[in-house]
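This report refers to the structure that appears directly beneath it.
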Amino acid sequence: MHTDTERCVRAVQSKDARFDGWFFTAVVTTRIYCRPSCPVVPPKAENMTFYPSAAACQQAGFRACKRCRPDSSPGSPEWNQRADLVARAMRLIDDGVVDREGVPGLADRLGYSTRQVERQLLAELGAGPLALARAQRAQTARLLIETSALPMAEIAFAAGFSSIRTFNDTVREVFALAPGELRARAPKRRGATPPGAVPSGTASPGAAGGVLSLRLPFRAPLNPDNLFGHLVATAVPGVEEWRDGAYRRTLSLPYGHGIVALTPRPDHIGCRLALTDLRDLTIAISRCRRMLDLDADPAAVDGQLRTDPLLAPLVDKAQGRRVPRTVDEAEFAVRAVLGQQVSTAAARTHAARLVTAHGTPVEDPEGGLTHLFPTPAQLAALDPESLALPRSRRATLTTLVSRLADGGLRLGVESDWDEARARLNELPGFGPWTVEVIAMRALGDPDAFLPSDLGVRRAAQGLGLPHTPAALTARAAAWRPWRAYAVQYLWATDDHPINYLPA
């Protein structure tokens, strides 16, 4: 979008928050870059230039605006609706892969050469993987500076910087303030905190980790009913729960584990993170945003679905539905197999037994979470005879676990959606429903579709849509590329707990 100057100028002049994260406005006279909805008086059109990423702005010598905090904009929806090299690279960078494995590790996961990855990112985003990762480290550093009392040295390494000097130089360059000055300014923003940050004093880090309270921004509207309703109705005891108006769950992270509490608010999602190692902050936020589909563009989704006269009333009744996803793709694949042809309650029971037998215990002083969901490596050792499942389902589960554990099947954020579907279809016991529900909720394909799902067929019949899988698939072609969102609107016609925000 950043190449459409006229459209970008109109968005800036109208302070349209829907475009936050789509592009960034750099002002050549002040050398400052902003989000489109910045509250200051818009600059003259001839003084504006537009970039596709915050990293590109920083690389061009612009610093972040202190008023609108462009670094805390919602992420670009582009990376959630595409599965090409650039989109998969961006999802991996958001997941902190460059910080942990470097650019060679990023390229290896994508199956391309380092040079090819750098060339494509530079061509589309105006910045290479190192610059994009650096921008993310700066954002993480700002969050820790403003929301914790940690010493600056600990913040530097928790944010992913290799040295304190690099940390200091980057913060000064990006925010035009020294780290100490950023912390000193934080209390002055009480009551008017921008998305992505909270006033200082709300975090209580421990010696090895910490508890942080953050705000996760999204593009309005967001309907929390089916989003949180689905997560809670299918929650695995010990791993997930609804408590005090928040969805809580355990997280398996690269450097340790964590517990997150996510609370729906009118203009943001409240996020309370307890981490055993603060180096996991970036990836924990990324996974929570992905699970709640917070980078979606509801205007584009609902606008497309509203063109169907039979879907339009459902969209108008409750706009902004999101696709409930997952924080762990392998976990969801296992749970999808456990949920084949059984009720939601039975699927939860089967998953809870696996968790109790094979999951890693954790302590939760604030609630009833007891375990991390077992990894494929942990499940690879299970005895199939111990599973209270039909013999064919046991074979399906053990084959899936084996393929995930040995790397023969990869379902990470870097996955090519079509290739992953092909690999899943090769497994015994995997039919169209299982493959597509994994594509929808684990891989994140916004066009995944479930024409054979009982709830979808029942809703289609009630609305006067074709209800046989082939005929419904043909009719749903007009909903592309947002058929996964159409499924959410169709499911919402049923009186099922997945469609209601828990009391």
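The values are calculated or read from the model by the stated rules, or taken from the named source; none is laboratory data. Small disclaimer: the values here were computed from a predicted structure and weren't measured. Positions of Cβ are generated from backbone atoms using ideal geometry, with glycine treated the same way; all protein chains shown enter the neighbour counts.
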- Message: Can you find a residue that is over 22 Å from residue 334 (Cβ atoms) and free of Cβ contacts under 8 Å to residues at least 24 places away in the same chain anywhere in region 424-436?
- Response: no
- Which fully enclosed helices (runs of 4 or more DSSP H) of region 374-454 have 3 or more residues being in the same structural domain as residue 337 (by TED's automatic domain parsing) and among the polar types (S, T, N, Q)? 391-405
- Query: Any idea which of 349, 344 is among the hydroxyl-bearing types (Ser, Thr, Tyr), closer than 30 Å to residue 219 by Cβ and assigned by TED's automatic domain parsing to the domain that holds residue 241?
  - Reply: 344
- Does any residue in region 327-343 that is without any contact (Cβ under 8 Å) to a residue 12 or more places away in the chain and over 16 Å from residue 230 (Cα atoms) come within less than 8 Å, Cβ to Cβ, of a residue that is surrounded by 23 or more Cβ atoms within 10 Å (Cβ to Cβ) and among the polar types (S, T, N, Q) six or more places away or on a different chain, and which pairs are these? none
- Message: Can you tell me which residue is farthest from residue 118 (Cα to Cα) among those in region 86-108 that are in contact with a Ser or Thr (Cβ under 7 Å, 6 or more places away or on another chain) and among the small types (Gly, Ala, Ser)?
- Response: 96
- Sort out which residues of region 44-81 are among the charged types (D, E, K, R), in contact with a Phe, Trp or Tyr (Cβ under 9 Å, 6 or more places away or on another chain) and over 26 Å from residue 485 (Cα atoms), and write them in order of number. 63, 66, 71
- Task: Return yes when residue 154 is under 19 Å from residue 71 (Cβ atoms) and of a type in the set (Asp, Glu) and no when it is not.
- Result: no
- Query: Of all helices (runs of 4 or more DSSP H) completely enclosed by region 58-172, which ones contain at least 1 residues that are over 19 Å from the mean Cα position of the chain (by Cα) and either outside the structural domain of residue 291 (by TED's automatic domain parsing) or within 23 Å of residue 446 (Cα to Cα) (or both)?
  - Reply: 97-110, 114-125, 129-147, 152-158
- Can you work out which of the residues in region 269-279 that are crowded, with 20+ Cβ neighbours inside 10 Å and in contact (Cβ under 8 Å) with a residue 60 or more places away in the chain is nearest to residue 214 (Cα to Cα)? 273
- Message: Can you confirm whether residue 305 is more than 19 Å from residue 75 (Cβ to Cβ), at pLDDT 95 or above and crowded, with 18+ Cβ neighbours inside 10 Å?
- Response: yes
- Query: Do you know which residues across region 311-351 are touching a Gly at 6+ places or on another chain (Cβ under 9 Å), part of a loop (DSSP other than H, G, I, E, B) and at pLDDT below 95?
  - Reply: 340
